[in-house]
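Undergrad: Supplied in structure tokens, the structure appears directly below.
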């Protein structure tokens, strides 16, 4: 395509910023959703020199999500590519102690926002017979899921179901949708995790460390490219030679 527009849901996240720092220059227009602006995203916006349309919305608030969508439409910034990064931090808790509201919030932030955005912009992609969507899932959807974070596991599997369903429906219309599932990555997302769990992940890695942002974002960039037209409905695990215990 001659001109490309990407919508980043969760642009203020570490991975969102890393993607824009490395690949933002490939897009004519970047619609950068955020809930809280931070210095890193501000720097990305400044360096993009007018190509970024920042838009604020709390994904727990349906009216704000709808207002975000209307704003994008009014700006005529129809995306041909969407990356969905957003998820609340996983809080470890026993299942019987997790209030239903926690499940509901997790699903609204992840699944519901992805559904609303896809419903808004897939019709235009269908008309153009071109579209790309990448959803950030998690290694919990690959192999054995961990305990003590049922709400997180459930929401990620729900998003995986969305990837599979939309791929089947929209693949013939030129739209691909894929998930990527990174293992533990060195970002602020895991700052609330017990140090013992972080050390366990490092010990189990053949590389002796967690993944880094730069090892995740190239896969996203490829799945959004023209060259990835034959890949859809996949859940691509990103790991470091780690063997999942069965």
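Every number here is computed from the coordinates shown, using simple stated rules; none is lab data. As the structure is a prediction and not an experimental result, all values here were calculated from the model. Glycine also receives a Cβ, built like all others from the backbone with ideal geometry; neighbour counts cover every protein chain displayed.
Undergrad: Note the full-extension length gain between residue 144 and residue 66 as 0.36 nm times their separation in residues minus their Cα-Cα distance, in nm to one decimal.
TA: Contour length minus the Cα-Cα distance gives 24.5 nm.
Undergrad: Also: Sorted by packing (mean other beta-carbon atoms within 10 Å per residue), highest first, where do 192-198, 150-156, 219-225, 100-106 land? Walk me through the numbers on the way to the answer.
TA: Numbers: 192-198: 11.1, 150-156: 22.3, 219-225: 19.3, 100-106: 14.9.
Ranked by mean Cβ neighbours within 10 Å, highest first: 150-156, 219-225, 100-106, 192-198.
Undergrad: Measure nothing fancy, just the Cα-based angle from helix 113-128's long axis to the longest principal axis of the chain, in degrees from 0 to 90, nearest 10.
TA: 40
Undergrad: Which angle from 0 to 90°, rounded to the nearest 10, does the C-alpha axis of helix 62-74 make with the longest principal axis of the chain?
TA: The answer is roughly 40 degrees.
Undergrad: Could you give log10 I(q)/I(0) at q = 0.10, 0.14 Å⁻¹ for the chain, computed by the Debye formula over C-alpha point scatterers of equal weight, without solvent?
TA: Here log10 of I(q) over I(0) equals -0.46, -0.93.
Undergrad: Cα convex hull of segment 131-227: mean projected area in nm², to one decimal?
TA: Details: hull surface 28.8 nm².
So the Cα hull casts an average projection of 7.2 nm².
Undergrad: Okay, next question. With each pseudo-label sitting 7 Å past Cα toward Cβ, what's the residue 221-residue 196 distance in nm, one decimal?
TA: Spacing of the two 7 Å Cα→Cβ label points: 4.0 nm.
Undergrad: Could you work out how far apart the two model spin labels at residue 101 and residue 76 are, taking each label as a point 7 Å from the Cα in the direction of the beta carbon, and quote it in nm?
TA: 4.4
Undergrad: Note the full-extension length gain between residue 39 and residue 186 as 0.36 nm times their separation in residues minus their Cα-Cα distance, in nm to one decimal.
TA: Values: separation 147, 0.36 × 147 = 52.92 nm, distance 1.84 nm.
That pair, residue 39 and residue 186, stretches by 51.1 nm at full extension.
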